[in-house]
Each structure stands twice: as C-alpha cells, then as structure tokens.
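Working notes for the structure below.
The values are calculated or read from the model by the stated rules, or taken from the named source; none is laboratory data. Every value quoted in this text rests on a predicted model; they were computed, and no experiment measured them. Neighbour counts run over all protein chains shown; Cβ positions are idealised from the backbone, glycine included. Please note that ligands, DNA and RNA were not included when accessible areas were found on the heavy atoms of the full protein model with its side chains. Shrake-Rupley method; radii C 1.70, N 1.55, O 1.52, S 1.80 Å.
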Amino acid sequence: MKIALIGASGQAGSRILSELSARGHTVTAIARDPSKVASLPHITAASGDIEAPEALAGILEGHDAVISSVHFSASDPDKLLRAVKASGVRRYYVVGGAGSLEVAPGVLLVNTPEFPDIYKSEAQGGVDYLTKLRAENDLDWTFLSPSAAFVPGERTGSFRLGKDELLTNENGSSISFEDFAVALVDEIEAPAHVRQRFTVGY
C-alpha cells in the first residue's frame, strides 16, 4: 500500500515507519524536519506542517491511507482534519492516547484523581479529537489508543486488543511503541475497526 505518515520522526511515528517499511509498504514520511526521518527501504521523507493544511493536503493526495502520529496538545485538530479530507484519502488512522479509555463505566482515565496533571492537556486533546472523529462522515477513520504506559521496548508481536476499556494486567497497563506499531499496521492491512476506536496492551 501507499501510505502517508504524519509525524514520522516521533517516538511512535518512527516505530510505525519501521514496521511499515519492514512489511514492504511504500511510505511518504512527513515531518517538519525531514532530515530526522530514518532512512529505510520504501520510504520517502517529505517536509510538511499541520499548520499549513492546504500544502499538507497536496502531499497526502494519491495515498491509500493516512496515519497521523502527532501530539494533540501541539496541533490544531480542525486543520489536520481539513488537510486529510481535502486530500481525498478516506482511510485515516490516528495514534490516540490512553486518557480517553474507561477505567470504570463512564469514567475516563484522564478524569481519575491519580492522572498526572502534566499529561492532562494532551490527554484531553485526545478525548476531544476522538469526539470529533465520531461525528465525522467523510473519513473511514480508526483511532488506536495505547495503554497507560506507552514506552520504548521490544517488538514481541504478543499483545491484547480491546475496545474502550483500559487494558491492565498484573504489571499495570503498558504497551511498547514497537508492539503498538505492529497492531496499527495489522489494522491497516486487515481493517477490523473502521470508524471505531480500539486499544492495545499487554
């Protein structure tokens, strides 16, 4: 497939890029500074800015799918959505956050007393973006939420999938960037959560 990846040089984005390359997909790796994009097979780095949606739409045109792996608190969701829709690409994948996941019926992780204040702005941005997507009629979107601890680690290929509830085990709630990338690319290759959010964890 021909895939555009926005935020290709970030922590999650770089792992997604590596997974896509390893599986033979052709990727336009978009970053503000394309020199930070890893040099990998089937990858073309491109300079793009989500603050310039018209120019970004031109870069996205002609792809089979778009992935956005950007911080919610550092981006304008309306501009990002406008760029994707203007590009004419219908399949849209979003690297989400854990804050929008439920820890009890109707209780979001971001709203629990123990949720760190330093991450609340980013987490609430993810909640708001998911709300926008759920009202979106022009895109076949998928929002993949990681577990609470989203960290560098190993690519094990062994993890669990869920829907709207935070996944936990005896060690807490976690997923590596590497295994998150596996789950996301699996979804791209065999869509099972179109116009849905799902989550991945150990």
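A few notes on this one:
- For region 130-177, filtering for residues that are open to solvent by less than 30 Å² (accessible area, probe 1.4 Å), in a loop (DSSP other than H, G, I, E, B) and not hydroxyl-bearing (Ser, Thr, Tyr) leaves 4.
- Looking only at region 100-125, residues that are in contact with a Phe, Trp or Tyr (Cβ under 7 Å, 6 or more places away or on another chain) and open to solvent by less than 10 Å² (accessible area, probe 1.4 Å) come to 0 in all.
- Taking region 93-117 as the range and being of a type in the set (A, V, I, L, M, F, W, C) and either in contact with an Asp or Glu (Cβ under 9 Å, 6 or more places away or on another chain) or over 19 Å from residue 10 (Cα atoms) (or both) as the test, the residues that pass are 101, 103, 104, 107, 108, 109, 110, 115.
- Cβ pairs under 8 Å, 6+ apart, first in region 89-102 and farther than 17 Å from residue 16 by Cβ and part of a strand (DSSP E or B), second of a type in the set (Asp, Glu) and open to solvent by 10 Å² or more (accessible area, probe 1.4 Å): 102/164; 102/165
- When 127, 84 are checked against the criterion of being in a helix (DSSP H, G or I) and without any contact (Cβ under 8 Å) to a residue 40 or more places away in the chain, 127 stands alone in meeting it.
- Every pair of residues 6+ apart whose Cβ atoms lie under 8 Å, when the first sits in region 143-155 and is polar (S, T, N, Q) while the second is part of a strand (DSSP E or B) and crowded, with 22+ Cβ neighbours inside 10 Å: 145/199; 145/200; 147/175; 147/199; 147/200; 147/201
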